[in-house]
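Would you mind keeping the following structure in view while I ask a few things?
The values are calculated or read from the model by the stated rules, or taken from the named source; none is laboratory data. Note that the coordinates shown come from a computational prediction; the quantities given were computed from them, not determined experimentally. FYI the Cβ positions are ideal-geometry reconstructions off the backbone, even for glycines, and counts take in every protein chain you see. For the accessible areas, the whole protein counts, side chains as well, though only heavy atoms, and no ligand, DNA or RNA atoms are used. Shrake-Rupley method; radii C 1.70, N 1.55, O 1.52, S 1.80 Å.
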2 protein chains.
Amino acid sequence: MSTSDAASGDATSATPATAPASAPARSPFDLPDVSGLVVGVLGGTGPQGRGLAYRLAKAGQRVLIGSRSAERAAGVAADLGHGVEGADNASVAARSDVVIVAVPWEGHGELLASLRAELAGKIVVDCVNPLGFDKQGAYALKPEEGSAAQQAAALLPDSRVTAAFHHLSAVLLEDREVEEIDIDVLVLGEERAATDVVQALADRIPGMRGVFAGRLRNAHQVESLVANLISVNRRYKAHAGLRITDV
Amino acid sequence: MSTSDAASGDATSATPATAPASAPARSPFDLPDVSGLVVGVLGGTGPQGRGLAYRLAKAGQRVLIGSRSAERAAGVAADLGHGVEGADNASVAARSDVVIVAVPWEGHGELLASLRAELAGKIVVDCVNPLGFDKQGAYALKPEEGSAAQQAAALLPDSRVTAAFHHLSAVLLEDREVEEIDIDVLVLGEERAATDVVQALADRIPGMRGVFAGRLRNAHQVESLVANLISVNRRYKAHAGLRITDV
């Protein structure tokens, strides 16, 4: 961090959150019990969707995976086990309390626009990273709305849109020999009750921890940091993830 | 990461770097000895510049700090001890092998343009985070060139421009009670010999580790991730930093 932040003090130092004087600040580690929630995964037959569905179901969560093809979703669900069910994306959206969006960026806007009614009132968790690839590797795409998460929020005004689960390796998520996923999941959103639920969901997966990391207007850099992790992976032959220190 | 990356395989999985068939891939942990290099810090009298200068000098590096005012630089240098010297920015640029840019974003372009001759042939390490602040906290600014680091590269075509040291807490850097800085420094750049030197410099500071994290075209998200760390700090009353897992 440079001294460009000097105007607001040390930008990475602790700044007390403004809270009503009458209400003591709640501990950021005091998260709700989410064990009874049904989690849907749109794009649940892709590597990332499958991996997240597997980890959440293995941790005891009720999980539905969605796909354009209900048959394909049912087939993948049977492979995943742990009670995972498959259906078409619209049915999964309608039947879930929390809906993870793990579809390709290319079809992201179109799918969400088509599910506005089914997703109304739901917590939506966008984990899409808009990236381009060329001979030099990956680079960030800049969605017109600022980020995939902001596009979701614009298309789903009746939903509680959050962003999370961007930096996971699908290879590790799907590897049944891997018991713990060593990563902090950055969770972004406008509404604390919603981001708390998403953090609590991340916390259910062994090794994983949900960390609140700001509003949706700061989602672009979290989404596009995957381009950097891809560079790390190439250089170090790794499946790189992130940890936040001092939290 | 979403399945949007499926086209190139699992984007966060290990992909072999292309290397000439005749040369075995060098270990990414095989870094040069940088103990003899002189490190200059432009903006060395601000909190970030002072903190970095202190840590590098304490680790045994020869360090010069620059400021618009040579007198002010000399005064701060005397306070820092460990052999740190102060001078005006141009003298520091001319006398150093590696030059860290820790000035406010507002004056960044103007200063670098004025030092093009002094910085020719040098390794330049940009650690500036272009951020805006309002009542909701910090948010990313988008420099016309894409990032502060890309602006530096455009203004300094004769220099070896890298980007690093974005996520450090000036409070921790300057706190003499703190012995180790628990952080991975993401190092970006186009030329491996230059990023290797910067990684090796980061490695000299106890607790700190330099990790290669891509080309300058992917610097914007690294610079602006500071906005997210500020949100983390507010929520958790922390001085948050990053660690890269599986490396």
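May I ask which of A:237/B:237; A:58/B:237; A:237/B:135; A:122/A:142 have a Cα-Cα span longer than 30 Å here?
A:237/B:237; A:58/B:237; A:237/B:135
Taking residue A:237 in one copy and the same position in all the others, each labelled 7 Å out along Cα→Cβ, what are the pairwise distances from the first, in nm, shortest first?
For residue A:237, the other copies' label points sit at 4.6 nm, shortest first.
Once phi is turned into ³J(HN,Hα) by the Karplus curve 6.51 cos²θ - 1.76 cosθ + 1.60 with θ = phi - 60°, what whole-Hz value does each residue of region A:131-141 show in order, with x for glycine and proline?
Each residue of region A:131-141 in turn: 10, x, 10, 9, 4, 8, x, 9, 8, 6, 8 Hz.
Now for a different question. Output ³J(HN,Hα) for region B:234-247: one whole-Hz value per residue in order, computed from phi by the Karplus curve 6.51 cos²θ - 1.76 cosθ + 1.60 with θ = phi - 60°, and x for Gly and Pro.
Working through the residues one at a time gives 5, 5, 9, 6, 10, 10, 6, x, 10, 10, 9, 8, 6, 10 Hz.
Can you compute the charge dipole magnitude of region A:155-247 about its Cα centre, using +1 on each Lys and Arg Cβ and -1 on each Asp and Glu Cβ, nothing else charged? Give it in debye, rounded to the nearest 20.
Roughly 360 debye, rounded to the nearest 20.
First select every other residue whose beta carbon is under 11 angstrom from the beta carbon of residue A:31; then total the charges, Lys and Arg +1, Asp and Glu -1.
Result for the local shell: 0.
Net charge near residue A:232, counting Lys/Arg +1 and Asp/Glu -1 over other residues with Cβ under 11 Å of its Cβ?
+1
Okay, next question. Going by amide H atoms built from the backbone, whose H comes under 5 Å of the H on residue A:245, apart from near neighbours?
Under 5 Å from the amide H of residue A:245 lie the amide H atoms of B:241, B:242, B:243, each far enough along the sequence or on another chain.
Quick one: work out the % antiparallel among DSSP beta bridges in region B:32-236, nearest 5.
Within region B:32-236, antiparallel bridges account for around 20 percent of the total.
Continuing with this model, one more query. Treating only the Cβ atoms of Lys and Arg (+1) and Asp and Glu (-1) as charged, compute the dipole magnitude of the protein assembly as shown about its Cα centre; round to the nearest 20 debye.
20
If you build a Gaussian network model of chain A, linking Cα atoms that sit under 10 Å apart, which residue out of A:88, A:134, A:97 swings the most?
A:134
Of the DSSP beta bridges with both residues in region A:96-182, give the percent that are antiparallel, rounding to the nearest 5.
Taking every DSSP beta bridge within region A:96-182, about 35 percent pair in antiparallel fashion.
State, to one decimal in nm and shortest first, how far the label point of residue B:175 sits from each corresponding label point in the other identical copies (label point: 7 angstrom along Cα-to-Cβ).
3.5
Normalised by the residues of chain A, what does the relative contact order come to in percent, with Cα pairs under 8 Å and at least six apart?
With pairs under 8 Å counted, the relative contact order is 16 percent.
For chain B, state the average projected area of the convex hull of the C-alpha atoms over all orientations, rounded to one decimal in nm².
Approximately 14.9 nm², given one-decimal rounding.
Place the label 7 angstrom along Cα→C-beta at residue A:69 and in each other copy, then list the distances from the first to the rest in nm, shortest first.
Label-point separations across copies, in nm and ascending: 7.2.
On to the next question. For a quick check: with amide H placed at 1.01 Å from N, whose amide H comes under 5 Å from residue A:62's, ignoring anything fewer than 5 positions away on the same chain?
Excluding prolines and chain starts, which carry no amide H, the hits are A:39.
Rounded to the nearest 100 Å², what's the accessible area chains B and A bury against each other, both chains counted, probe 1.4 Å?
That pair of chains buries around 6700 Å² in total.
For region B:61-74, take each phi angle, set θ = phi - 60°, evaluate the Karplus expression 6.51 cos²θ - 1.76 cosθ + 1.60, and give the result in whole Hz per residue in order, putting x for glycine and proline.
Ordered by residue, 3J(HN,Hα) equals 7, 7, 10, 10, 10, x, 7, 4, 9, 4, 5, 4, 4, 5 Hz.
Can you tell me the 0 to 90 degree angle between the C-alpha axis of helix B:105-114 and the longest principal axis of chain B, rounded to 10?
Around 80 degrees separate the two axes.
Taking the Cα centre of region B:32-236 as origin and charging only Cβ (+1 Lys, Arg; -1 Asp, Glu), how large is the dipole, in debye to the nearest 20?
160
Now for a different question. Considering only A:163, A:102, A:193, give the residue with the highest GNM mean-square fluctuation for chain A, with springs between Cα atoms whenever their separation is below 10 Å.
A:193
Going by amide H atoms built from the backbone, whose H comes under 5 Å of the H on residue B:162, apart from near neighbours?
Here the answer is B:124, B:125, B:126, since their amide H atoms fall under 5 Å of that of residue B:162.
Anyone know which of B:36, B:210, B:44 comes out most mobile in the 10 Å Cα GNM of chain B?
Highest fluctuation among the options: B:36.
Filter the GluC sites (Glu not before Pro) in region B:160-191 down to the DSSP loop ones having no more than 13 other Cβ atoms within 10 Å, then list what survives.
B:177, B:179, B:180, B:191
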